[in-house]
Structure formats: C-alpha cells, structure tokens
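The structure under discussion appears below in the form of structure tokens.
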Amino acid sequence: MSQERFWLLIAKKIANEANEQELIELNQSIKDHPEWQFAVQQLENIWQIPPVYNKEKAEDAFMLHLNKLAEKNQFDLEQDNTDSLHSPKISKLRFIPKWTYYAAASMIMIIGVLYFFTKAPTIKSIAKKQPELNEISTRLGSKSQVKLPDGSVVWLNGGSKLAYQKDFGKTTREVSLTGEGYFDVVKNKEVPFIINTKSIRIKVLGTVFNVKAYPEDKQTETSLIKGRIEVTIKNRPDDKIILSPNEKLIVENKLIEAQKKQKTIDLLPAVSINKLKFITPDSTVAENQWVENKLVFRDQTFEELAIMMERWYNVKIEIQSQGLKLTRMNGNFEKETVDQAIEALKLIIPFKTIQKGNTIIIYQ
C-alpha cells in the first residue's frame, strides 16, 4: 500500500466515513508496517482535540497555517488554485463539501508527522493533550519491528509491550518492556540506553541482546549476543551485574518478590548466569531465533513449552497430567501450524488431545 493510500484511509477512518473493507485494508497496512503505529496514535490524539467554536476563525487559522507551511517550503501550494488561498470567499465560507474534511484530516496528519519527525515547534494546546508515554504492543500470535527515534531497532514477540516517553532520545533513552524484545541499540555514550522490566533494569551503551520478561513467567531472562550490558536487580540497586557476550542472566521472579517483602539480602538463589544455548551445526543462538520466525525450545518442560506455544499460535493449552508438565523436550518449529506442532510432539511422548474452541486440552 502506498503512503498516499494509507493517509486517505486514516482520514476516512477519523471522519467516520471508512467502510468495512477499507478498515480491514487499513488494519492490515498497520500490521505490515508496525513503525506507522506510533504516528497513527498521535494523529488520533490530535483529532480528538475539541474544535474551535468560532467557525470563521477556525477556517482563517487553518488557511493561515497552510500559508506559513508554504513559506517554510514544507508543502507545495503552487497549484492551479493557488490564487484562491487569498480569496475572500474562502475565509467567509459557510458550507464546506465533505471531501474538504478529508483534505483537512490529511493535512492535520501530515502536520502531526512533521511535528514528531522533524521536531517542529510545539503547539501548546496540542502538547497538553498528548499522552506522556508512547506504547507499542504486539498481540499474541504475531511479531512486530519498531524503530525508535534514536535509530535503535526493537523486535517485539507476541503478547509484548514497549513504552517510552514522548521526548525519547533528547536527554534520555529509557523504555519499559513487558514481554519479550530483541534489541539492536545505536551507540551513544552520552545518553545510555535503559530498559526497565518488573524485576531488572538494564543499562547499555550499544549492543545486541534479548530480554524475556513476561509477568506471568517464573523467570526473567537477559541474553547478550554482543557488546556489554549492566544489569541491576530491582531490590538491589547498588549491585551491578556485568554480562559478557554469549551469557544469559536468569532471575527467579518469585524469589525476588519474596525477598522484597522479607527485605533479605541473599540474592544467590534468585539470580544465575549461564551460557547461551547454541544450535548445531550453524552455532546460532537459540534465545533469539524467534526473530527469524523459529520457535526453538532447548531442555524446556512441556509446561514451559505450552506457554511459548500459546504466545506463538495465539491458543490456550491446558495440560492435565502433572507427569506431562514436567517432561523435558528439545526441538523447533518454523512453518508448522499448531496442529502440526502438536502431532510432532506426540512423536516425542504419547498423549491425547481434545480441542474446544481456541483451547487445546492435553491428557494421557
């Protein structure tokens, strides 16, 4: 889809003129281009600002803004109707055709995009309405790639959310992660990159690493591919753990929460550092293969694998046998459907299944 078509669909959606097919087309476009999601959120926020009650002043202000943009060479207004910009008929217009609302919506969108991507001067009335945080989320069964304002790239796994301040990159580079993210951070020694999760805080100058921090998981994992990162456990801010390439930090979430409540100082049972798991024969790292659309599991219990498959396929899996839950498995899925994956697992250990809607019940 071209950007012109994308902006037209956004304009029609905001004006409540988009039909069902156009809304489907728009949603698919946002899914194919997750980097546009941030702009869409901001434009919708701008559109929600209460309109000026004086219609004549509103029209005059709009046309004046167009002229100012033209003077700054931000838009080309040298068209066949250029002279009409100065016509008294425009400033005294009372009945505006429906198509002009689309044009106005598109213009507001372009202004919004220019504001956020060229750092245009802030309009006070708009700034007050903007949220403090920008959030990018990925639904279960899908993955997204996000390019942050500083050029850093983040891949988000299913059921994950990334939040950062609207002035990210100016004086600070700090984000909050819920779920799993693979980070390729642009180096900036003056402004370090900070990642906050529920259990840990990661500080980095420039590196590639994976963070797995789903709130419902037993563990929070940080896997360093290259570079150098500094990890702080939330209840021990004075202790710094430095990871080297090919190392993985594992934090036991329940133990950390218990230590917070009991105010204990012994972190040894709650934190461990292991080597990354490599896949032979190409020696790729298992921890980041989800970015390549591969669900890799190494020495995982069936219960842990079931959670991974729920996020991967957007299904609910219930294992009724305790023995099955503790069975450990190795393997990987790439192009398999959830049904094909279940059948493949049956070759490792026999079990039966019943499917009820979106729920797969596993028993012996």
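Please turn the phi angles of region 13-24 into ³J(HN,Hα) values with the Karplus equation 6.51 cos²θ - 1.76 cosθ + 1.60 (θ = phi - 60°), one per residue in order, whole Hz, x for glycine and proline.
Once θ is set to phi - 60°, the couplings for region 13-24 become 5, 5, 7, 6, 10, 7, 7, 4, 5, 5, 5, 4 Hz.
Which pairs in the list Lys189/Lys212; Lys240/Lys277; Lys143/Lys166; Lys277/Lys356 are over 29 Å apart, alpha-carbon to alpha-carbon?
Checking Cα-Cα distances, Lys277/Lys356 exceed 29 Å.
As an exercise, use a Förster radius of 41 Å and the Cβ-Cβ distance of Asp239 and Leu326 to find the FRET efficiency, rounded to the nearest 0.05.
Values: r = 33 Å, r/R0 = 0.80.
After rounding, the FRET efficiency stands at 0.80.
What whole-number value in Å² describes the accessible area per residue of region 285-355 for a 1.4 Å probe?
Working: 3690 Å² over 71 residues.
Result: 52 Å² of accessible area for each residue.
Near the amide H of Ile360, under 5 Å away, which other amide H atoms are found, from residues 5 or more places off or on another chain, if H is placed in the peptide plane?
Lys316, Ile317, Glu318
Note down the accessible area of Ile24, probe 1.4 Å, to the nearest 10 Å².
Counting only protein heavy atoms, Ile24 exposes about 90 Å² to solvent.
The values are calculated or read from the model by the stated rules, or taken from the named source; none is laboratory data. None of the values given here were measured: they were computed from a predicted structure. Note that we place each Cβ from the backbone using ideal geometry, even for glycine, and neighbour counts take in every protein chain shown. Calculation scope for accessible area: heavy atoms of the full protein, side chains included, ligands and nucleic acids excluded. Shrake-Rupley method; radii C 1.70, N 1.55, O 1.52, S 1.80 Å.
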